[in-house]
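Every number here is computed from the coordinates shown, using simple stated rules; none is lab data. In this text the structure is predicted, and so the values were computed from the model without any measurement. In this analysis, Cβ positions are derived from the backbone assuming ideal geometry, glycine residues included, and neighbour counts consider all displayed protein chains.
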Amino acid sequence: MAALTGATMAGEPDFPITGLNEIHMVEPGDITFVDHPKYYARALLSKASTILINTRVDCPEGKSLLICEKPFDAFVALAMRFRPFEKAGAMMSPTAKIGEGSVIQPGTFIGNHVTIGRNCLIHANVTIYDHTVIGDRVVIHSGAVLGADAFYFQRRPEGYRKFESCGRVVIEDDVEIGATTTIDKGVTGDTTISQGTKMDNHTQVGHDTYIGRNCLIGAHCAIAGVTRIEDDVILWGHVSVNKDLVVGAKAVVLATSAVDKTLEGGKTYFGTPAEEARKKWREMASIRQLPELLKTLKSKGF
């Protein structure tokens, strides 16, 4: 890895590197990167075995450091080396595996190394990018796109540098995905839609997001990357969910709400930003009374 990245090595040289991951997803054996002092400690104390870093620091015991000027660029180069783009040669790649009883309607594109389980129904003009994994009895409606790149860029003086995605989309059994829904692949890990979840049309799911079992996701929902939606959650139509947060199990978020912080499970939420619905409704009722209250105060000379 030092030779591939042009880095200087410090620490243990002779253990295998088994994966590439961002700091928030690393496991033992992984290589990760850090290029800002704010995150040095988090990276060095993480589960990662190897860290690409742009400064000389003491190497933690049992790890190795790869010291280079631009860790982000080096990490992206490694991602592209070990998960390079493969040009498609047909609408259905010969490397794709399709389970018994599954129906693929005309116009659907199935990329390289895709796995589709048994008794699935993939409607016309669906696009399934490379390395996507789909379980049994999954229904995907027309125009859906599974596995597009993450929306992840690092700002530079000369412009934006893209973080090339090398993760996957994983769809578990009995999931239904609405028409023109888009689910982005993980940057380095998986974007996962768990068993039994149903998604309406025009939904967007960002990179590395986890959606639990038996969730209902209404039309036009937008769920940002690295978010965790736990089991039995309901997001009604046009709900927006910010990145890096958790929506707890059995929470219900009412239509047109915007979630900007982690929500406790088992409660109903509404508004922008989303709060417990009863509290929000009381606030709205109070606001509606303000004009009459101001009129009364004015009539009394206040």
How big is region 97-277 by Rg and Dmax over its Cα atoms, in Å?
16.1, 53
Using helices alone, I'd like the mean residue ellipticity at 222 nm for the chain: each DSSP H run of four-plus residues gives -39500 (n - 2.57), total over residue count, nearest 500.
-4500 deg cm²/dmol
Read phi for every residue in region 252-266 and hand back ³J(HN,Hα) as whole Hz from Karplus 6.51 cos²θ - 1.76 cosθ + 1.60, θ = phi - 60°, with x for Gly and Pro.
10, 10, 6, 4, 6, 7, 10, 9, 10, 8, 4, 10, 5, x, x
Rank-order 59-71, 202-214 by packing density, defined as the average count of other C-beta atoms within 10 Å over each peptide's residues, highest first.
202-214, 59-71
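For LYS97 and LYS38, FRET efficiency with R0 = 51 Å and r from the beta-carbon atoms, rounded to 0.05?
On the way: r = 43 Å, r/R0 = 0.85.
E(calc), rounded to 0.05, equals 0.75.
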Low-density loop cleavage sites - GluC sites (Glu not before Pro) in region 244-291, where at most 13 other Cβ are within 10 Å (DSSP)
GLU264
Alpha carbon Rg of the chain, scaled by the compact-globule rule 2.2 N^0.38 Å:
1.21
State the answer as a single residue: which of VAL247, ILE229, SER286 lies farthest towards the positive end of the charge dipole of region 222-302, with beta carbon charges of +1 for Lys and Arg and -1 for Asp and Glu, about the Cα centre.
SER286
Could you put PHE151, PHE270, PHE75 in order, starting from the residue whose Cβ has the fewest other Cβ atoms within 10 Å?
PHE151, PHE270, PHE75
Build a GNM of the chain with springs between Cα atoms under 10 Å: which of ALA124, ALA90, ALA251 gets the top mean-square fluctuation?
ALA90
List the lysines whose alpha-carbon lies under 24 Å from that of LYS250, not counting same-chain residues fewer than 8 positions away?
LYS198, LYS261, LYS267, LYS279, LYS280
Compute the acute angle (0 to 90°) between the alpha-carbon long axis of helix 277-299 and the principal axis of greatest extent of the alpha-carbon atoms of the chain; round to the nearest 10°.
40 degrees
Taking other Cβ within 10 Å of each residue's Cβ, how do THR127, THR227 sort, fewest first?
THR127, THR227
Between 0 and 90°, nearest 10: helix 71-82 axis offset from the chain longest Cα axis:
70 degrees
